[in-house]
Amino acid sequence: MRNPNRSVGCAHHLAWWAQPTLLVLFAVDVATAQTSYPMLMSLKPVAAQVGQSSEHTLKSRYTMLGAYDVVVTGDGVTGEVIHPEVKEGEQPDLQEIKIRFNVASDALPGVRDFRIGTPNGVSTLGQLVIAEDAVIQENGDNDAREKAHAITLPATVCGAIEKAEDVDYFKFTVAADQALSFHVRSQRLQDRIHDLQQHVDPILSIRDGNGTTLAAADNYFFADPFLHHEFKHAGEYFLEIRDVRYEGNQYWEYAIEIHGRPFVTNVFPLAVGRGQQTKFEFVGHQLPDKHEAFVSVPLDKPTGPQWWKLPMGDAVTNPVPVVVSDLPVFTELESANNTPQAAQQVSLPVGVSGRIESESDIDCFSFAAMKGERFSFEVVARRQQSALDSHLRILDATGKQLTLNDDMRLGKRNFADSLVENWEAPADGTFVIEIRDLHLRGGADFVYFIRATRSLPSFELFIDTDKTQLTPGTGGAIFVRAERKNGFTGEIQLGIEGLPAGVAASCGRILADKGQDGCIVLQAAPDAPMTLANVQVTGKATHSVKDGESFDLTAVALPYQETYQPGGGRGHWPAEIHTVSIGAASDIVAVTLSEYDITLKPGESKQIDVKLERAEGFDKNVTLDVTYNHLNSVYGDSLPKGVTLEKPKSKTLLTGKTVEGHITLTAAKDAPPVERQQICVMAGVSLNFVMKATYASKPLFVAVVAAEPEGEQK
């Protein structure tokens, strides 16, 4: 994969699209129906081996004809399209192609996101497992023990639970007293598949030659099984995998990593501070007698959840979850701390690394606070492969509950980790952080990390999608949502880095107070080449404090991939990358407005005429809007407060060959004044019940003037 990233800042001054331009016409086949980007559904085999090059079959909804690039997250893995033979003049609906992945010998094992670039835009995300052992793909005729696919271990076995009542069998031979680990990745590979809707729930079993079940595993890493088993007798055995409900789907791919090496599930402590040396204790299976490692963390090490390979004797571990903290880290002491009276003392701000060692274990940590001080307490556990389903409480010194939290919400999703945010100390005194497992379970792999910090003003940013599709001469909108925290109410200026050549950006803002969304409007030059690049969206703000003092705040936006939910809902799943692509000319060639800068008085309405340029032969319905909506939910709305699109006075449905419509924006009588807030008009073309292709106009700026004093109104 080439690195297409280039840094291009936002243009708030005169951009290239404000200059007189000559429209360049591209020699492409005309569109006769809605043109969709590919929505990836499966990869076969779903795993690739470290240090090897391998070919894989990629399936999608909608054509991948002309695919030209493969983007893979992380380092050490690249991909390339193996172009199929296509006869001259043919335009096949190519929903299956070959991809070659090249994996470096030092590539970190685990799961990578990938996507492809095509003339119709970039695809949705697919997932690829990077495995240490040879990859074996099921032979497709192994749904009975007598048909079991013979495999040689160690191996990564790949297949699919492809139909109802499908049961896949593999047979293997072991020596007496040999121990093996069986790690399934399947359900976790399906979170980002756009149109899967129902996920697999795999169950794994080991049977002897008579068919007797020796061991079985269901849920371990979320719904995926993990099984460690020691075989007392040498001989031939059978591995069975199926859906626990006996359901199936051609896209329910799995990878089973099978080996006899040490397998580390967690480390204790889970977290380490920058600039500190830590002794990690390994938790897992087939560990050596000395199952620990000393690690020094450089001061410049990035912070946050990470995956590391740690030294283990003369070898290294499999990748293990670690949190690097910018806080001083306190590791739970061996002394009992099950009650507020026995709580271990910490000084805030601090990172607390601990473990719920046994059933019904409760950990308590005490801290001093003064009346009115505000603190936030965030648990990192389940998100980093811990078995803990945390339950967090803040108590007073007598054990009286002051607040609690079970599951936290981050952006658009809930997590089993806990978060108590912006808690205020009711009086001077000593208080207690209490953590336990919700179900009172415990064990060596119930590790956790608690970030206990002062509740300072801040904000987080989330991008509504993980991709922006452009065509030559057209625009696209990136909607960014802010979650303000701990008293921050200010304006947020958006920015973007890494745009491909030929794309300009006008970066909007998220308005102060209750403003939630802002947008970045991208515009591709008429002669922009077909390309793609991963971008980073950021936000900057200034928070004012008393006596005229202020400090700057920044945040990097987290992208989401859209998913098709059962019943037609629009779901979201966090993604690592947001990709901007320029494809070939498509259904809509241009969206132009009668004006791009309007001013409204409170109570006033204004009509903006909209004109489309359709591709020749494209006569499907197009809808106009200034907000991004699905069903009854609004996912992007950068309009000023009090300004709305007045549907009865607008023509937003353009049927057949209609190319002219209009929108009417109305300011409420109590709309507050605002200077030029950036929005855009989007022309939407439905791809399916949930997804749509959107073509944006150049930025439209909306201002609202202050209401006239009542005595001066006419």
Is it the case that region 667-680 has a residue that's modelled with pLDDT under 95 and within 31 Å of the chain's Cα centre (by Cα)? no
Using the structure shown, decide if G399 is in contact with a helix residue (DSSP H, G or I) (Cβ under 7 Å, 6 or more places away or on another chain), surrounded by fewer than 19 Cβ atoms within 10 Å (Cβ to Cβ) and in the same structural domain as I450 (by TED's automatic domain parsing). yes
Candidates D168, D191, D195 - the one that is acidic (D, E), in contact with a strand residue (DSSP E or B) (Cβ under 7 Å, 6 or more places away or on another chain) and part of a strand (DSSP E or B): D168
Members of region 525-568 that are within 30 Å of G487 (Cα to Cα), part of a loop (DSSP other than H, G, I, E, B) and either polar (S, T, N, Q) or modelled with pLDDT of 95 or more (or both): A557
Looking only at region 117-163, count how many residues are part of a strand (DSSP E or B) and either within 30 Å of I588 (Cα to Cα) or touching a helix residue (DSSP H, G or I) at 6+ places or on another chain (Cβ under 7 Å) (or both). 6
If I filter region 391-398 for residues that are modelled with pLDDT under 95 and either outside any strand (DSSP E or B) or touching a strand residue (DSSP E or B) at 6+ places or on another chain (Cβ under 6 Å) (or both), do I get at least one hit? yes
With L639, L593, L631 as the choices, which residue is touching a residue at least 60 places away in the same chain (Cβ under 8 Å) and more than 34 Å from the chain's Cα centre (by Cα)? L593
Kindly provide the set of residues from region 666-708 that are among the polar types (S, T, N, Q), out of contact with any Lys or Arg (no Cβ under 9 Å at 6 or more places or on another chain) and either over 25 Å from L511 (Cα atoms) or not in a strand (DSSP E or B) (or both), ordered by number. S697
Of the conditions (1) at pLDDT 95 or above; (2) buried (at least 16 other Cβ atoms within 10 Å of the Cβ); (3) outside any strand (DSSP E or B), the single one that I608 does not satisfy is (3)
Could you tell me which residue of region 335-371 is surrounded by the most Cβ atoms within 10 Å (Cβ to Cβ), considering only residues that are in a loop (DSSP other than H, G, I, E, B) and out of contact with any Gly (no Cβ under 9 Å at 6 or more places or on another chain)? A343
How many of the residues in region 643-665 are outside any helix (DSSP H, G or I) and either touching a helix residue (DSSP H, G or I) at 6+ places or on another chain (Cβ under 8 Å) or under 14 Å from K606 (Cβ atoms) (or both)? 9
Does region 416-425 hold any residues that are surrounded by 17 or more Cβ atoms within 10 Å (Cβ to Cβ) and either among the hydroxyl-bearing types (S, T, Y) or not in a loop (DSSP other than H, G, I, E, B) (or both), and which are they? S418, L419, V420, W423
I need the full set of residues from region 43-96 which are over 24 Å from the mean Cα position of the chain (by Cα), surrounded by 17 or more Cβ atoms within 10 Å (Cβ to Cβ) and part of a loop (DSSP other than H, G, I, E, B), in order please. V50, T63, L65, G66, L94
Can you find a residue that is in contact with a Lys or Arg (Cβ under 6 Å, 6 or more places away or on another chain), within 26 Å of G351 (Cβ to Cβ) and assigned to a loop (DSSP other than H, G, I, E, B) anywhere in region 249-270? no
Scanning region 640-654 residue by residue, the ones that are surrounded by fewer than 16 Cβ atoms within 10 Å (Cβ to Cβ) and of a type in the set (A, V, I, L, M) total 1
Given the structure, is R242 touching a Pro at 6+ places or on another chain (Cβ under 9 Å), modelled with pLDDT of 95 or more and not assigned by TED's automatic domain parsing to the domain that holds A416? yes
Taking the condition over 27 Å from G617 (Cβ atoms), in contact with a Gly (Cβ under 8 Å, 6 or more places away or on another chain) and not hydrophobic (A, V, I, L, M, F, W, C), does K692 pass? no
Give region 117-168 a look and list any residue that's charged (D, E, K, R) and crowded, with 20+ Cβ neighbours inside 10 Å, or say none. E138, D166, D168
Given region 426-522, what strands (runs of 3 or more DSSP E) lie entirely inside it while holding 2 or more residues that are under 25 Å from the mean Cα position of the chain (by Cα)? 447-454, 458-463, 467-470, 475-485, 492-497, 503-507
Could you tell me whether region 256-271 includes any residue that is surrounded by fewer than 21 Cβ atoms within 10 Å (Cβ to Cβ), farther than 30 Å from S36 by Cα, in contact with a strand residue (DSSP E or B) (Cβ under 6 Å, 6 or more places away or on another chain) and among the polar types (S, T, N, Q)? no
Which of the residues belonging to region 297-331 are hydroxyl-bearing (S, T, Y) and farther than 25 Å from F377 by Cα? T317
Can you tell me which residue within region 314-333, out of those that are outside any strand (DSSP E or B) and farther than 25 Å from K400 by Cα, is farthest from the chain's Cα centre (by Cα)? D314
Counting only residues that are crowded, with 21+ Cβ neighbours inside 10 Å and farther than 26 Å from P109 by Cα, how many does region 32-42 have? 4
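Every residue, every condition in (1) modelled with pLDDT of 95 or more; (2) out of contact with any Phe, Trp or Tyr (no Cβ under 8 Å at 6 or more places or on another chain); (3) among the β-branched types (V, I, T), yes or no:
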site: Q345; (1), (2), (3): yes, no, no
site: L348; (1), (2), (3): yes, no, no
site: E357; (1), (2), (3): yes, no, no
site: I362; (1), (2), (3): yes, yes, yes
site: F367; (1), (2), (3): yes, no, no
site: F377; (1), (2), (3): yes, no, no
site: L402; (1), (2), (3): yes, no, no
site: R409; (1), (2), (3): no, no, no
site: R413; (1), (2), (3): no, no, no
Among the aliphatic types (A, V, I, L, M), in contact with a helix residue (DSSP H, G or I) (Cβ under 9 Å, 6 or more places away or on another chain) and at pLDDT 95 or above, is that true of L419? no
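The values are calculated or read from the model by the stated rules, or taken from the named source; none is laboratory data. No experiment lies behind these values; they were computed from the predicted model shown. Backbone-built Cβ (ideal geometry, glycine too); neighbour counts: all protein chains shown.
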